[in-house]
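The values are calculated or read from the model by the stated rules, or taken from the named source; none is laboratory data. Quick caveat, the model's predicted, so the values are computed rather than measured. Cβ atoms come from the backbone with ideal geometry, glycine included; neighbour counts cover every protein chain shown.
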Amino acid sequence: MTIRFSRTLAALMCGLPLIASAAAPVLEVFKSPTCGCCKEWVKHLQTNGLKVNVHEVEDPSAVRASRGMPDAYGSCHTATVQGYTIEGHVPAADIKRLLATKPAAVKGLAVPGMPMGSPGMEGPRHDAFDVLAVDKSGRATVYKHYD
């Protein structure tokens, strides 16, 4: 009985990593083929443990519009994950928090524009920026402020 239990336990343990990886959310990122900061943002996400599929499109703003994200919150790339829209240079930690809490009233997160110092926009200058939580009516509140 102990041998059979040990084999069963070993078989289950071998399958756990597969189950965990299959359940991990994947961000579908839509970006211009020529945008360098988008590539850096994707690297930031991957470095922080998020899975990403990149789709190079000629007009990323069309994806934003199709997802109902107002142009006022626009940036250079749009991502989707588990029904949420992620617009711009949103830090991985904020995406993880969104996916962990799953707020029903939130359509997605946005970092409007391309603030220096945000993920993918690193450089010698670092500007303060806000990550906005955008609700289903298009109104935004500050989700997280970065100095």
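Okay, residues lined up against (1) more than 17 Å from Val26 (Cα to Cα); (2) touching a strand residue (DSSP E or B) at 6+ places or on another chain (Cβ under 8 Å):
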position: Ala65; (1), (2): yes, no
position: Cys76; (1), (2): yes, yes
position: Ala92; (1), (2): no, no
position: Leu109; (1), (2): no, yes
position: Ala140; (1), (2): yes, yes
position: Lys144; (1), (2): yes, yes
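When you go through Ile86, Ile95 one by one, which is the residue that is modelled with pLDDT of 95 or more, in a strand (DSSP E or B) and closer than 28 Å to Arg139 by Cα? Don't jump to the end; show me each part of the working.
On the way: Ile95 fails: in a strand (DSSP E or B).
Criteria check complete, one pass: Ile86.
Can you pull out every residue in region 118-147 that is of a type in the set (Gly, Ala, Ser) and either buried (at least 18 other Cβ atoms within 10 Å of the Cβ) or at pLDDT below 95 (or both)?
Initially, region 118-147 is screened for residues of a type in the set (Gly, Ala, Ser), giving 118, 120, 123, 128, 133, 137-138, 140.
Those that are of a type in the set (Gly, Ala, Ser) and either buried (at least 18 other Cβ atoms within 10 Å of the Cβ) or at pLDDT below 95 (or both): Ser118, Gly120, Gly123, Ala133, Ala140.
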Pair list, Cβ under 9 Å, 6 or more apart: region 94-110 residue in contact (Cβ under 8 Å) with a residue 60 or more places away in the chain and surrounded by fewer than 18 Cβ atoms within 10 Å (Cβ to Cβ), other residue polar (S, T, N, Q) and in a loop (DSSP other than H, G, I, E, B): Leu99/Gln82
Where a residue in region 34-45 is farther than 18 Å from Gly113 by Cβ and its partner, wherever it lies, is of a type in the set (A, V, I, L, M) and assigned to a helix (DSSP H, G or I), with Cβ under 8 Å and at least six apart: Leu45/Ala92; Leu45/Ile95
Which numbered condition Pro115 misses (of (1) modelled with pLDDT of 95 or more; (2) buried (at least 18 other Cβ atoms within 10 Å of the Cβ); (3) closer than 22 Å to Pro25 by Cβ): (3)
